[in-house]
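Everything on this sheet refers to the single structure shown next.
The values are calculated or read from the model by the stated rules, or taken from the named source; none is laboratory data. As the structure is a computational prediction, the values presented were derived from the model and not from experiment. Glycine also receives a Cβ, built like all others from the backbone with ideal geometry; neighbour counts cover every protein chain displayed. Accessible surface is based on the protein model in full, side chains and every heavy atom, while ligands, DNA and RNA are left aside. Shrake-Rupley method; radii C 1.70, N 1.55, O 1.52, S 1.80 Å.
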Amino acid sequence: MDTLSLLQHYWWFLIALLGALLVFLMFVQGGQALLYRLGHSEEERNLIVNSLGRKWELTFTTLVTFGGAFFASFPLFYSTSFGGAVYVWMAILFCFVLQAVAYEYRRKPSNVFGERTFDVFLMINGILGPLLIGTAVGTLFTGAEFTVDRLNLAGQGGAAVISQWSSPWHGLEAVANWRNVLLGVSVTLLTLTLACQYLINDVDDETLRLRARNLMRRTAPAFVLLFVVWLVALLMSDGATADAAGHISMEPHKYLHNLLEMSYVTAGLLVGVVAVLWSIRLGWSGRRSAIWFGGAGTVLTVLALLLTAGWNQTAYYPSLSDLQSSLTIANSSSSLFTLRVMAWVSLFIPFVVAYIWYVWRALNRRPLTRKELHEGGHQY
Amino acid sequence: MASKSIALASVFGLLFALLTAYTGDRSGAIAAQTQPMKLAAMEALYDGEQGAPLTVIGVLRPESERRTNDDAFHFKIDIPKLLSVMSFRDAEAYIPGINDLLEGDAQRGILSAEEKMLRGRVAVGELARYRKARNAGDTVTMAEVSRLFDRSTPEGEAFLRNYFAYFGYGYIDRPEQLVPNVPLLFYSFRVMVGAGCFFILLLAVVWWLNRRDRLASKRWLLWVAVWTIPLAYIASQAGWAVAEVGRQPWAIHEMMPVSIAASKIPSGSVTTTFILFLVLFTALLIAELSILFRQIKLGPKND
């Protein structure tokens, strides 16, 4: 493997890891979606919001970093997808703008729109965020309607754009594929499950813990069922693959072959799935440790799936309009120079992760109680 | 508590205002070397000069009312040679003006806009020739064009240096498109720099008086400080205007004009999302201001 190819694989790994961390951290969205379902009184809702409020910025920052790293390392994906599937990305952006202000504004005096409006903002973000992101990520496996031709630069005006979207729906057409929607709903159910596990861990309140446990008993089986259907459909499906010259063709059972050919990825997937199942087992009996298995399992599972999407000469963004326009990590990356410079910068990532870990531990040293809500200090 | 907070804020504010002035000076010097048109437009410098002065403040004549040889300014206050010093650290350095950059100056090695556009069209044309050959399956022509883009051959090296270097000019129709909006840049730049100098002065005075415990008695100065808050946002916006209006028409300098870089999305959907953002952010701004004013009215808690 030459240096460029090595760096392309390295950067796909980093993006996959960021994506995996994001899916785990979207338990924040899951918790927001359940705000009124779990919190029956204002005090209970404040408990939930303050528990999630200690973490929401981590999720948000991871989302932004994921987008930024994707842009910097595979700019052709960014310009193709963001410039084409624009309605989807705008909808995602909107529902995260709503979230960003809702935590800080909701209980401040004179916030104009009232606490309930900002709680509704939190719920919109909580449901739409994972649903839209999950559906959009589904297209990394099922493909999207675009064409890419660098030689368009020989044209003038609008014809000179390298990436062009072929559907007038500009991304919304993704919901016409049941596999995309299935992944979106699965991710949403996973975030609800993780949220229950997180709240069991982080809130020291028997009523809420019991309610979270009971709710997880419903969301978790639904998630497992839908996810298994999605996974089986993935392994049965065809995938786009590139040969050594970059020519792209369809291969039956491509993703199954990827798992058979990359046994370390399969191992990660299996360990991840088992850990998630174990977390459900723990959460079933209301154990506080469930979230740790749920979190680690989610990260491993999503990491393995995203590696399956991009490694092993797979086209991680297949084009349904023109197969040869499909994006692979080899034909869509930044230059060797850019990837190399960024690779050096990426060596700081472990320090950032260590800092996040430290902050997390400091914030979670003891679970949140109702008493704490009535004491001073920063409150959401 | 207010006094302590002012002590901290004035020191940090002063340090960062000075640091910003320093990086701003560096940016200007870099722009002089790499984006001469931006610098000329910022200074409304139409005709190049050796030992060019820096215009501290001035009022521009509208371009529509101006004839060819009229002065660009109704009036202005200059500091002699300062623009040359700031740009090239040399009082006698030559700064090309907008007209020099458009018309070219063979003696100083400046190509005219027409010439650059011609060369850019040759480069874009080679790409078009390659595309045509590809679509026709003409591998001989494809190989011929590929050689032009290969830096390791003398032929490729010459093509890249003499033609591909002006690639973006191939999309430009008229030389005037190469000139950013001069009045907007000229005034924005002065608002930004003027505000920056004012911040340095104000922060230094506040820091000094606060140290001597004489700030609280100067109510007028405290009011000046309060009214300076919006100025920070105005200065920041003016700075963005200088950066982004000044770079026009380029998305990638001399390689890709903004018109070519834009996504191909119906203008209606861009308008729709713009209006949605406008409404949402305006609503959130109202909430933000309302919360802020309420908190200010409530005053600090005495812990």
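Table for the structure above
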read-out	value
Exercise: per-residue mean of other protein chain Cβ atoms within 10 Å, A:107-118	4
Sparse-neighbour loop sites [GluC sites (Glu not before Pro); the range B:37-135; at most 12 other C-beta within 10 Å; DSSP]	B:Glu92
Principal axis dimensions, the protein assembly as shown - Cα atoms, whole angstrom, descending	86, 84, 42
Accessible area of the range B:31-135 divided out per residue, in Å², using a probe of 1.4 angstrom	55
0 to 90° range, to nearest 10: angle between helix B:182-211 axis and chain B longest Cα axis	30
Inter-site label distance for B:Leu15 and B:Trp240 at 7 Å from Cα along Cβ, in nm	2.7
Sequence-separation-based contact order of chain B, relative, with Cα cut under 8 Å and 6+ spacing, percent	18
Cα gyration tensor shape for the range B:112-176, rounded if a/c is under 1.5, else prolate or oblate	oblate
Per residue value of the accessible surface for chain A (all protein chains in place, 1.4 Å probe), Å²	42
Distance between the range B:62-99 and the range A:27-58 - C-alpha centres, whole angstrom	60
Antiparallel bridges, percent of DSSP beta bridges restricted to the protein assembly as shown (to nearest 5)	90
On Cα atoms only, tilt of A:115-142 relative to the major axis of chain A in degrees	30
Distance cut-off 30 Å, percentage of C-alpha pairs in chain A lying past it	40
Within the protein assembly as shown: Cβ-based charge dipole about Cα centre, in debye rounded to nearest 20 (Lys, Arg +1; Asp, Glu -1)	2620
Rounded to the nearest 20 debye, dipole of chain A from Cβ charges on Lys, Arg, Asp, Glu	1260
Protein heavy-atom accessible area occluded, B/A pair - total, 1.4 Å probe, Å²	2700
Shielding by other protein chains, B:261-270, mean Cβ within 10 Å	5
Separation of alpha-carbon centers, the range B:123-200 and the range A:285-302, rounded to whole Å	52
Listed peptides A:254-266, A:160-172 by packing density, highest first (mean Cβ within 10 Å)	A:160-172, A:254-266
Shielding by partners - mean other protein chain Cβ count within 10 Å, residues of B:170-181	1
Cα centroid separation, the range B:267-299 to the range A:189-205 (Å)	32
Convex hull projection area averaged over all views, the range A:221-341, Cα basis, nm²	9.5
Of all accessible heavy-atom area on the protein assembly as shown, the percent that carbon and sulfur account for (1.4 Å)	66
Cα long-axis angle, helix A:336-345 against chain A (0 to 90 degrees, to the nearest 10)	20
Förster radius 25 Å - calculated FRET efficiency between B:Gln50 and B:Asp25, Cβ distance, rounded to 0.05	0.75
Overall form of the range A:283-347 per C-alpha gyration tensor (a/c, 1.5; a/b vs b/c)	oblate
Positive-pole candidate from B:Ala2, B:Leu160, A:Met262, dipole of the protein assembly as shown, charges at beta carbon	B:Ala2
For chain B, average projected area of the Cα convex hull in nm²	24.1
GNM result for chain B, Cα springs below 10 Å: residue of B:Arg214, B:Arg61, B:Arg89 fluctuating most strongly	B:Arg214
Most mobile of B:Ala136, B:Ala283, B:Ala72 in a GNM of chain B (Cα contacts under 10 Å)	B:Ala283
Percent of Cα-Cα distances greater than 27 Å, calculated over the range B:1-139	46
